[in-house]
Amino acid sequence: MRSPDTKQSVFETLLVCVLTLVLAACGQESSGPESTSGTTKIPKPVQPAILLVTLDTTRADRLGIETDLVDTPHLEALANRGVYFEQAYSVTPTTLPSHTSMLTGLYPADHRVRENGRVIDKQLKLLPVQLKGRGYDTAAFVSGFPLASQFGLSRGFGHYDDAFVSDAAERTATETTDLAVDWLKGKASPLFMWVHYFDPHEPYEPPEPFRSQYPGEPYLGEIAYMDQQLGRLVTAFEEQFQGRPLKIIVVGDHGEGLGDHGEALHGNLLYQGTMRVPLIVAGSGIEAGTSDRAVSVRQVFDTVLDWSGESRAGSLLGEQAEPVLAEALKPYMQYGWQPQFMVILDGIKVISSGDTEIFDVRIDPAESNNLDSQIEPDPALWDAIESYSIRALAEQDEQQQTLSQEALDKLASLGYVGSSGSSKIRDDAPSPRDMVHLFRDMDIGAGLFIRQDYAAAIPVFTRILEADPYNFMAALRLAVAYSVTGDDVQAQKLFDRARAIDPSSTDLRHYQAMHYLKNEQWDLARPLFESVLAESPDRIPALAGLAKVYSSQGELDQAIRLLVRIAKIKDSPGLEWARIGELRMALRDTKGATRAFEIARKMLADQFTFHFELGVLYMADRRFKEAASSLDKVSSQDPDYAMALFKRAQASVLMDENDREKRVRQAWLQADKTTRPLIESERLFRDISF
Ligand SMILES: [Zn+2]
């Protein structure tokens, strides 16, 4: 439904192409205004404005497009005028790896982001970087902490809005849409905007009226709410670029189990509920229709690049059909169960997890009839899944654990607990699908662990370990829970048991070292931390632990070295700088200590509580004005308050302030048994009566 104007300009473009045989410029849409009639100038191809919307935790069969259970009019309208992909698949049922695939075009085996909380390799060329090279302005608005800029997906975006991360782990579709719509005002094309909605992720807490409209079905309420906001976004986008070419792509990052095959949430299995996602492509020049070709979310990358003018065979709108792959390695990495891979082509889906399941999902979408012994799938499927699994398991390199405790806590608040991925496939490892009876306990145990309710976590992990005696994660968490609750005998027993399961685990050495640290067994903690850091030099809690060991053993320079290292890695290392200040002070390095505290003060702002130390350092350096200003900020609740008043009075006398006598008297009146004799014998005060 082009306007007559556009029609004419397309005609002119063709004419120009034919006349000049500049074929490279053909096939692109051209703009009306730039191709004025009567000139032979080749019109510049017009690149479309592109909107990518990713829907977290959204099942394809829980949209109004496929079911009457829920109303999603905006998604339906988009699907009706665009192409709806009936067989679109996530690459892995986890947020960060799935989005990394969309923005790199790679499967997890190739981009190597297997879990949330990992940092994306700087070598990878992300979509916004490519688009920038093609003249695009780029912006992203994300709604959940797994996609916070610190994990690396922000690289190359001109604008990346994850502002919620300072005080929360997620934000609502309304908040994100408000920001995106606001930002969009006055923007010119070509522009690429990515908006991510997180609402359907549990906990399911839809706002009104959706809560009441879907009583007992809060997940559907979240979907309906998200659809309402998506409607606002699409309208704003289309109004902004009215009369210009534009493209829209809407895709789920993964689904939600909702009880299918025993899985409530997502991440543990590869069945349709979590793997098949909504996918709609719409916009200028795209004819309405549906496609039942199996496609992968990773093709978002090729599709967008193709639209930007770089021809890509892997585009969703291309003809290419190939086996679509996926993996679910969390149970393997965390519990030592079988690694799981899937491949699908022409409706035939193969899941490999130690053994094989085969389903024809076009006639058996519930995957209740395993055809393993009945059909022989296309050999291409076997080849694809085998070469993928070899690639996926080849490098079980431990990814650097560079996250701060705060970042780990935020991920944990969303239910994600990472692993160090040092698993080996045991011959007797169970298939995750045979362990679904443990998923609930695992979720409960992880939840208790995250909330640091270790006493309550102990019986849960004990139950898991009874049912699955080689579950490394359960043994390790149980050991930690015993350690924290003070049962050192049980803790040691469980650490030994975890070691018997996986002797090479870095996590095990890390937590065992933390256990020794808690008990002030510096000599035992030290070699373990050192060996952990030899493998993962940027693991922040280990650096902090070893710094504590070194300072307790009197090796202050060594401790400072580690704290400086943390300060280089961490986002706002104010507390580390304060600690460096304290250690430098103990080393009588006045200048170094002053500098460290000044950095800490800048970073911590209102939270800075070392005004006394800094005041004393300024006094020692005869910087009386700065000393006075710092000492004035010492709180009356501070244990050093009396000493601060004494030092402040000294500064006052040395600067010959008008109120010096009052200050000396005040210091004397509020003196404690340490400062009273100091004040009474202070030579600076000898002319003052108090
Ligand atoms: Zn997700």
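The values are calculated or read from the model by the stated rules, or taken from the named source; none is laboratory data. Treat the numbers as computed from the prediction; the structure is a model and nothing was measured. Using ideal geometry, Cβ is built from the backbone for each residue, glycine included, and neighbour counts are taken over all protein chains shown. Calculation scope for accessible area: heavy atoms of the full protein, side chains included, ligands and nucleic acids excluded. Shrake-Rupley method; radii C 1.70, N 1.55, O 1.52, S 1.80 Å.
Pick from PRO527, PRO541: which is touching a residue at least 12 places away in the same chain (Cβ under 8 Å), surrounded by fewer than 21 Cβ atoms within 10 Å (Cβ to Cβ) and within 20 Å of SER504 (Cβ to Cβ)?
On the way: PRO527 fails: touching a residue at least 12 places away in the same chain (Cβ under 8 Å).
That would be PRO541, the only listed residue that is touching a residue at least 12 places away in the same chain (Cβ under 8 Å), surrounded by fewer than 21 Cβ atoms within 10 Å (Cβ to Cβ) and within 20 Å of SER504 (Cβ to Cβ).
Quick one: which of ALA586, ALA605, ALA593, ALA627 is under 30 Å from LEU556 (Cβ atoms) and out of contact with any helix residue (DSSP H, G or I) (no Cβ under 8 Å at 6 or more places or on another chain)? Don't jump to the end; show me each part of the working.
On the way: ALA586 fails: out of contact with any helix residue (DSSP H, G or I) (no Cβ under 8 Å at 6 or more places or on another chain); ALA593 fails: out of contact with any helix residue (DSSP H, G or I) (no Cβ under 8 Å at 6 or more places or on another chain); ALA627 fails: out of contact with any helix residue (DSSP H, G or I) (no Cβ under 8 Å at 6 or more places or on another chain).
Every option except ALA605 fails the conditions.
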ALA491 meets each of (1) assigned to a loop (DSSP other than H, G, I, E, B); (2) of a type in the set (Gly, Ala, Ser); (3) at pLDDT 95 or above with one exception, condition (1)
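Go through the stretch 255-265 and give me each residue that's within 11 Å of the ligand (Cβ to nearest atom) and modelled with pLDDT of 95 or more.
From the stretch 255-265, those within 11 Å of the ligand (Cβ to nearest atom) are 255-256, 265; that's our starting set.
Hits for the stretch 255-265 are GLY255, GLU256.
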If you check every pair at least six apart or on different chains, which have Cβ atoms under 9 Å apart with a residue in the stretch 667-682 that is free of Cβ contacts under 8 Å to residues at least 12 places away in the same chain and surrounded by 13 or more Cβ atoms within 10 Å (Cβ to Cβ) first and a residue that is among the small types (Gly, Ala, Ser) and in a helix (DSSP H, G or I) second? ARG676/ALA642
Selected residue (only one of ASP199, ASP178, ASP182 is part of a loop (DSSP other than H, G, I, E, B) and over 13 Å from the mean Cα position of the chain (by Cα)): ASP199
Under 9 Å between Cβ atoms, at least 6 apart or on separate chains: pull out the pairs that start in the stretch 568-583 with a residue that is touching a residue at least 60 places away in the same chain (Cβ under 8 Å) and end on any residue that is part of a helix (DSSP H, G or I). ILE569/ILE540; ILE569/LEU543; LYS570/ILE540; LYS570/GLU576; ASP571/GLN150; ASP571/GLU406; ASP571/ALA407
Taking the stretch 295-335 only, how many residues are of a type in the set (Ser, Thr, Tyr), out of contact with any Lys or Arg (no Cβ under 6 Å at 6 or more places or on another chain), open to solvent by less than 30 Å² (accessible area, probe 1.4 Å) and more than 22 Å from THR95 (Cβ to Cβ)? 1
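Matching residues to (1) open to solvent by less than 10 Å² (accessible area, probe 1.4 Å); (2) at pLDDT 95 or above:
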position	(1), (2)
GLY144	yes, no
ALA148	yes, no
PHE151	yes, no
ASP162	no, no
THR177	yes, yes
VAL181	no, yes
SER189	no, no
HIS196	yes, yes
PRO200	yes, yes
Restrict the check to the stretch 210-229 and report whether at least one residue is within 15 Å of PHE141 (Cα to Cα), among the hydrophobic types (A, V, I, L, M, F, W, C) and more than 16 Å from the ligand (Cβ to nearest atom). no
Any residue in the stretch 608-621 that is touching an Asp or Glu at 6+ places or on another chain (Cβ under 8 Å) and open to solvent by 70 Å² or more (accessible area, probe 1.4 Å)? yes
Please find, within the stretch 232-258, the residue that is least open to solvent (accessible area, probe 1.4 Å) out of those that are under 18 Å from ALA173 (Cα atoms) and without any contact (Cβ under 8 Å) to a residue 60 or more places away in the chain. ALA236
Condition (residue is of a type in the set (A, V, I, L, M, F, W, C) and touching a strand residue (DSSP E or B) at 6+ places or on another chain (Cβ under 6 Å)) applied to the stretch 329-339: is it met by at least one residue? no
Would you check which residues across the stretch 113-142 are open to solvent by 10 Å² or more (accessible area, probe 1.4 Å) and under 14 Å from SER101 (Cα atoms) and list them? ARG114, GLU115, ASN116, ARG118, VAL119, ASP121, LEU124, LYS125
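Does ASP56 count as under 30 Å from ASN268 (Cβ atoms), modelled with pLDDT of 50 or more and open to solvent by 40 Å² or more (accessible area, probe 1.4 Å)?
Working: under 30 Å from ASN268 (Cβ atoms): yes; modelled with pLDDT of 50 or more: yes; open to solvent by 40 Å² or more (accessible area, probe 1.4 Å): no.
So ASP56 fails the test.
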Considering the stretch 230-254, residues that are among the acidic types (Asp, Glu) and away from the ligand (no atom under 16 Å from the Cβ), and then whichever is nearest to the chain's Cα centre (by Cα), we arrive at GLU238
Could you tell me whether any residue of the stretch 273-294 is open to solvent by 10 Å² or more (accessible area, probe 1.4 Å), under 30 Å from VAL350 (Cα atoms), part of a loop (DSSP other than H, G, I, E, B) and within 16 Å of the ligand (Cβ to nearest atom)? no
I'd like to check which helices (runs of 4 or more DSSP H) are fully inside the stretch 88-175 and have at least 3 residues that are aliphatic (A, V, I, L, M) and more than 16 Å from the ligand (Cβ to nearest atom). 127-133
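Conditions (1) closer than 24 Å to GLU530 by Cα; (2) within 31 Å of the chain's Cα centre (by Cα); (3) modelled with pLDDT of 95 or more, marked per residue:
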site	(1), (2), (3)
ILE560	yes, yes, yes
VAL564	yes, yes, yes
ILE569	yes, yes, no
SER572	no, yes, no
TRP577	yes, yes, yes
ARG601	no, yes, yes
GLN607	no, yes, no
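I'd like the full set of residues that are farther than 13 Å from GLY354 by Cα and at pLDDT 95 or above, limited to the stretch 329-344.
Looking only at the stretch 329-344, we keep the residues that are farther than 13 Å from GLY354 by Cα, and these are 330, 333-335, 343-344.
Of everything in the stretch 329-344, those that are farther than 13 Å from GLY354 by Cα and at pLDDT 95 or above turn out to be VAL343, ILE344.
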